[in-house]
Every structure is written in C-alpha cells, then in structure tokens.
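Taking it in order: structure first as structure tokens, then the write-up.
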Amino acid sequence: MGSAVIRLTRHKEMPVQVTDPKLMFRLIRASFNQRRKTLQNGLNNAPDISFTKEQIIAAIESLGVPATIRGEALDLKQFAQLANYFTEHCK
C-alpha cells in the first residue's frame with residue numbers, strides 16, 4: 001500500500017458570509033448527526049435547534065430546494081443561507 005499526504009489550509013476569513021457562525025455549525029452538525037434522515041427531520045430532532053417544524057420547512061424552502069432534501073446535499077453556502085434565514089426571520 002502507498003501512503004498519502006493531505007494538506008489542509010485554513011482560510012484567513014470565512015469563505016461564506018454568515019451572521020451567526022455558531023448557529024451555522026450547529027445546523028451542519030444536526031444535519032449530519034442522523035444519517036439517512038432528511039434535513040428537515042435532522043434539524044427538527046436536534047436537541048440544540050429550537051426552531052419549530054414550520055420555521056424549519058420555511059427556511060429550507062427559502063433555499064429553493066425541496067423540504068425532503070438531505071443535509072449532505074447542501075453546500076457550505078447553502079448552510080450559511082439557512083443560518084442567515086433563521087437569524088433574520090426566527091427571533
């Protein structure tokens with residue numbers, strides 16, 4: 001077997017614009033905690049996400065994707081948009 005080298009480079013600034021980075025990372029963690037769940041169910045079942053089911057559906061739909069999408073289908077920019085939606089609309 002061969003060996004491999006992985007080089008990680010930290011961004012000096014976040015690659016996306018997000019109002020609440022901690023919220024974005026909580027959303028990402030919640031969406032990947034329960035594999036094979038839809039994003040909606042993953043966020044709805046997460047103990048540290050306190051938004052209602054209706055707020056979660058509205059936020060997902062604001063991305064222009066179906067509410068049945070899985071978390072792994074989103075990119076970082078979409079997670080930032082999701083966090084910004086919650087920050088702006090669900091206080």
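Over all distinct alpha-carbon pairs, what is the Kirkwood Rh of region 21-89 in angstrom?
11.5 Å
What number, rounded to the nearest 500 deg cm²/dmol, is the helix-based mean residue ellipticity at 222 nm of the chain, given -39500 (n - 2.57) per DSSP H run of at least four residues and division by all its residues?
Dividing the helical sum by the residues of the chain leaves -14500 deg cm²/dmol.
Given +1 on the Cβ of Lys and Arg, -1 on the Cβ of Asp and Glu, and no further charges, what dipole in debye does the chain carry about its Cα centre, rounded to the nearest 20?
With only Lys, Arg, Asp and Glu charged at Cβ, the dipole is about 380 debye.
Going Cα to Cα from LYS53, which lysines come in below 16 Å? Please leave out same-chain ones fewer than 8 positions away.
LYS37, LYS91
Which angle from 0 to 90°, rounded to the nearest 10, does the C-alpha axis of helix 76-89 make with the longest principal axis of the chain?
Roughly 30 degrees, rounded to the nearest 10.
Compute the helix-to-body angle for 21-33: its Cα long axis versus the longest principal axis of the chain, expressed 0 to 90° and rounded to tens.
Helix 21-33 and the main axis of the chain meet at about 90 degrees.
If I fit a long axis through the Cα atoms of helix 53-62 and take the longest principal axis of the Cα atoms of the chain, what angle between them do I get, 0 to 90°, rounded to 10?
Helix 53-62 and the main axis of the chain meet at about 60 degrees.
Every number in this text was worked out from the coordinates using simple rules, so none of it is lab data. In this text the structure is predicted, and so the values were computed from the model without any measurement. Glycine also receives a Cβ, built like all others from the backbone with ideal geometry; neighbour counts cover every protein chain displayed.
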